[in-house]
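Structure first, commentary second.
Since every read-out is calculated from the coordinates, none of them should be taken as a lab result. Quantities reported herein were computed from a predicted structural model and do not represent experimental measurements. Reconstructed Cβ throughout: ideal geometry from the backbone, glycine too, with neighbour counts over all protein chains shown.
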Number of protein chains: 2
Amino acid sequence: MSQVPLERKVLSENDRIAAALREEFRRHGIFCLNLISSPGAGKTLLLEKTLESFPADERVAVLTGDIQTDNDARRLARYGFPVRQITTAGACHLDARMVERHLANWDLASLGLLLIENVGNLVCPTSYDLGEHAKVVILSVTEGDDKPLKYPGIFHRARLLILSKIDLLPYVPFDIAAARENARRINPSIEILEVSSTTGEGLDAWRAWLASQRV
Amino acid sequence: MSQVPLERKVLSENDRIAAALREEFRRHGIFCLNLISSPGAGKTLLLEKTLESFPADERVAVLTGDIQTDNDARRLARYGFPVRQITTAGACHLDARMVERHLANWDLASLGLLLIENVGNLVCPTSYDLGEHAKVVILSVTEGDDKPLKYPGIFHRARLLILSKIDLLPYVPFDIAAARENARRINPSIEILEVSSTTGEGLDAWRAWLASQRV
């Protein structure tokens, strides 16, 4: 297709900025995660529950991407940690330059953990390195256990799969074993957690995973 | 951004092919819908229930888009109507050329209704005209009532919003009135139906809407 050469140029420019961000994170001892999912899979609520559980002196910050609104930043700001909204004005993913721009004037030396909530989209954000240490893909059980096969890119690249909204399992035709098997077919080493931000089930395991990564 | 001029060129080339498709559909008396939603909002199940209800001599065909698999075409082919899978090999949306290519060798004169299931993505498919008469956006109640404001593009362009999976309403924090109001804020003339493909609720209204559009 005609756009491929330009796409490559855009991606390689993105990779250059992402590498600089990664080096910056390394220098300041910041662990950075890039959270990716479909719209409405529960990224923001998971982040709310995560921030809520941190002590007030936790050195965490959040960048949250959205196409149009700053709803998510307003939800997340209530927990007292630094939060910035990245509004993409129509773009279907975050890119490294947006992250670089929104980190300006933040005292990176005071941070230990940066959580980036991408735009709700299971496809496009996958290709854009943001300098993160790992990608986390969140799949709601309402979306169906076939999704790892249908959207393999993000499952291939993610270090962790969070199966979210497991409180809804009794009401939807979602086979957890099949979802796990499908994800491992795409990515044999992917780690998998089952979480409900509503009931709190699995949140401790998620917090433990997060702590284990930051060591 | 540097990709804008090329994006414009790609979109205007797409518009040219879409206009030719639209003329072809008009000449053959085919009514064409483009169904767009997040991954797992229930497009394929709605299409299954739709095909299931048609008499055997209904002049309907389906094109179904997916990034990687032909699962959906296999599900839809069971109802005896012509179905073709469009596998985009990574692309996050269908474009008019893919539709044109997959209509080749089909006897269009024998068709009256063409249903196109787009790739699961609430952002990118919005910009690509496929020659359809109308776009239909499907929003599952598990995704949240704020989504029209967060992904305004598709809600602005769709003729119909289907609120899907309403059987799950007792278990999720989804305010139907707020969802309707948010959708109408973006698009005052959007029509709205509430459907559960699982219980069958609202399917008659969807079929009636479909019939009313084809007149």
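Using Cβ-Cβ distances only, list the Cys residues of chain B with no partner cysteine under 4.7 Å, sorted by number.
B:Cys32
Sorted from largest down, what three extents in whole angstroms do the Cα atoms of the range B:139-215 have along their principal axes?
Principal-axis extents of the range B:139-215 (Cα, largest first): 34, 28, 16 Å.
May I ask you to list the residues of the range A:191-208 whose amide nitrogen lies under 19 Å from a point 7 Å from Cα along the Cα→beta-carbon direction of A:Phe54?
It comes to A:197, A:203-208, nothing else.
Could you name the aspartates and glutamates in cross-link range of A:Lys147, using Cα to Cα under 17 Å and dropping any fewer than eight places away on the same chain?
Excluding near neighbours in sequence, the set is A:Asp175, A:Glu181, A:Glu191, A:Glu194, B:Asp66, B:Asp70, B:Asp72, B:Glu117, B:Glu143.
Count charges around A:Ala61 for me, please; just the other residues with Cβ under 12 Å from its Cβ, Lys/Arg as +1, Asp/Glu as -1.
Net charge in that neighbourhood comes out at -1.
For every helix of n ≥ 4 consecutive DSSP H residues, a contribution of -39,500 (n - 2.57) applies; sum these over chain A, divide by its total residues, and give [θ] at 222 nm rounded to the nearest 500 deg cm²/dmol.
Value at 222 nm, helices only: -11500 deg cm²/dmol.
Within a Cβ distance under 13 Å of B:Leu94, other residues only, what is the Lys/Arg minus Asp/Glu net charge?
After counting each charged neighbour, the total is -2.
Using the Cα gyration tensor of the range A:3-214, with a ≥ b ≥ c the square roots of its eigenvalues, what is the shape: rounded (a/c below 1.5), prolate (a/b larger than b/c) or oblate (neither)?
Because a/c hits 1.5 or more and a/b fails to exceed b/c, the range A:3-214 counts as oblate.
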